[in-house]
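The values are calculated or read from the model by the stated rules, or taken from the named source; none is laboratory data. Computed from a predicted model, the values in this text were never measured in an experiment. A quick note on method: Cβ atoms are made from the backbone with ideal geometry, for glycine too, and the neighbour counts reach across all protein chains shown. Just so you know, the surface numbers come from the protein's heavy atoms only, side chains and all, with ligands and any DNA or RNA stripped out. Shrake-Rupley method; radii C 1.70, N 1.55, O 1.52, S 1.80 Å.
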Number of protein chains: 2
Amino acid sequence: MPHSLLAIKQKCTGCNQLIQDKFLLKVADDLWHEDCLRCYKCTQPLSKSCYIKDHKLYCKEDYDKRFGRKCQGCNLGILPDEMVYRLHGSCYHINCLLCIVCSRQFKVGDKYYISDEGKPICKEDYDVAIMYFQLHHPNLKRPRTSITQQQLKMLNSVYRIKPRPSRITREMIATKVGLDLRVVQVWFQNKRAKDKRSITSAHSIITE
Amino acid sequence: MPHSLLAIKQKCTGCNQLIQDKFLLKVADDLWHEDCLRCYKCTQPLSKSCYIKDHKLYCKEDYDKRFGRKCQGCNLGILPDEMVYRLHGSCYHINCLLCIVCSRQFKVGDKYYISDEGKPICKEDYDVAIMYFQLHHPNLKRPRTSITQQQLKMLNSVYRIKPRPSRITREMIATKVGLDLRVVQVWFQNKRAKDKRSITSAHSIITE
DNA sequence: TACTAATGAGTAGTAATCAG
DNA sequence: CTGATTACTACTCATTAGTA
C-alpha cells in the first residue's frame, strides 16, 4: 500500500547530492541542480530545451541519435512504436538497413561490418573487400605457419643428415609432415642461416 | 500516512536503534528514523511514497520488481497466478520477454545477456555488438571474464601436467571449457607467474 | 581488501620476405 | 640459393583494475 510522505530531503537526479540551492529545478517530476542540467551524452549544458528518458536528460541531437527518432537509412522520422534496427548507435527502419555495397536488406542474425562512415556492410562484401585489399597490398599481413614439435622433430632429424635436401626430398618431407613445400624450403634456409650464425658467434667468442 | 509524535523512547523499525529525533515518523504502525526511510533494495530515500512488505519499505519500482506485480516488458500488471519468466530480479509475461535489440521472443534455454538497463539481449545480438564495439574501439579494454569453478578445475588439472601448453593444447582447452583462446593463454601466464612468485617468496623466507 | 584477469613494455625465437 | 631484414608468436615481469 503506498503512503505519501512529506518531502524530507531532496536530491538532485543528476548527481544524487542534496540540493542546497535557493531554487529547485523541477523537470518532469525530477529535481535537479541548475548545474546538473546537462546532456547525459555530450555533457553540454541544456539551456533551451531538453529531452528526457529514464530520468536522464539529453540534447535534441543526442536524443534523436540514441533513441532513434530518425532513420539513418532514409533520413525520415521513426514513429515511437515502429520496429527498428539499432546499429552502431544509429537507428534504421527495418526496411532501410541495407548493405552499402550490395544494397541487400539485412535480416536478424546476418553478420555485418561497419564502414568508415559508420554504415553497414554485409560480411560477404566485407570479406571480398579484405581479399581484394590483401591482393593489392600483399605484404600487409603475413600469416605465419606454426610448426609443431612433431614436425620440428622430423625436420631436425632430416637436417642432421642432409642440411640441404634436394627438391625431391623436400617434397617427401612436406607430404609426410603435412606442410607446404615452400614452408619446408624456407625452414631449411632459415635453419642453415641460424646454424651459421651460431657458429660464427661462437667463433668470435673464442677469438676475442 | 506519516504522523509526527512527541519524543518518547521508541525504536526505529529500520535500524532498531532508539529514536532521539525531535519527531518520530510513523509509517503504517511502525516507527522510523527520518534517515532510515529508505528503499530496502536500492537504499534511495523515500520522499514521495513507499510500499511496505514484512515491515520493510520499498520504492514503487523495486516493490513492483521484487514482488512481481508488473511485467518489465509491457509495463502492465501481472495477475497473481499468471505464468511469468523471472530474469535478473524482474518478472515478464511469457510473451513479453523479448531481446531489446531484435525483439525476438526468448524461449526456455535461449542464451542471453543483460544490458546496462537490466534488460535481456539475445546472444547473437550481443556478440555482434561486441564485434562492432571492438572494431571501432580496438584499444578499449576487454571486459574481465570470470572463470567458473568448473573451468578452473579443468585449467588446473592441465596445468599440473603441462604448465606451458602448446598452441594446439590451448585451443583444445579453450573449446572444451568455452573460453577465448587469449583468455586461456593469459590464465596460464598468470598462473606461472603466481607459482614463481610463491616459490621465490618461500625461498627468501628460508634464506633470511 | 585479497585475489587475479588483463594490459603493456621489453625480449627471444623464428617464419616469411626481399635484394642480389 | 645467401644475407639481411621484417614481422608474427609467445614469453616474462611489472602494473593496473575488477570482483567476491
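Under the rule of at least 5 residues apart or a separate chain, name every residue whose amide H is placed under 5 Å from the amide H of B:LEU46.
Distant-sequence amide H within range of B:LEU46: B:ARG38, B:CYS39.
For B:LEU18, A:LEU155, give the ranking by accessible area with the largest first, probe 1.4 Å.
In descending accessible area the options line up as B:LEU18, A:LEU155.
What residue among B:VAL183, B:ALA193, B:GLN151 has its Cα farthest toward the positive end of the dipole of the stretch B:149-197, where the charges are +1 on Lys, Arg and -1 on Asp, Glu, each on the Cβ?
It is B:ALA193.
Quick one: which residues, 5 or more positions from B:LYS70 or on another chain, have an amide H under 5 Å from its amide H? H modelled 1.01 Å from N in the peptide plane, none for Pro or chain starts.
Amide H neighbours of B:LYS70, under 5 Å, 5+ apart: B:ILE78.
Between A:ASN156 and A:ARG192, how many nm apart are label points set 7 Å from Cα along the C-beta direction?
Each label point is offset 7 Å from its Cα along the Cβ direction, giving 2.1 nm.
Of B:LEU152, B:LEU76, A:LEU179, which has the most accessible area with a 1.4 Å probe, and how do the rest follow in descending order? Don't jump to the answer; show the numbers that get you there.
Details: B:LEU152 50, B:LEU76 110, A:LEU179 30 Å².
Solvent-accessible surface, decreasing: B:LEU76, B:LEU152, A:LEU179.
On a 1.4 Å probe surface of the protein chains, which of B:VAL184, B:VAL108, B:VAL101 comes out largest in accessible area, and what is the full order?
Listed by decreasing accessible area, they come as B:VAL108, B:VAL101, B:VAL184.
For the stretch A:182-188, take each phi angle, set θ = phi - 60°, evaluate the Karplus expression 6.51 cos²θ - 1.76 cosθ + 1.60, and give the result in whole Hz per residue in order, putting x for glycine and proline.
4, 4, 4, 4, 4, 4, 5
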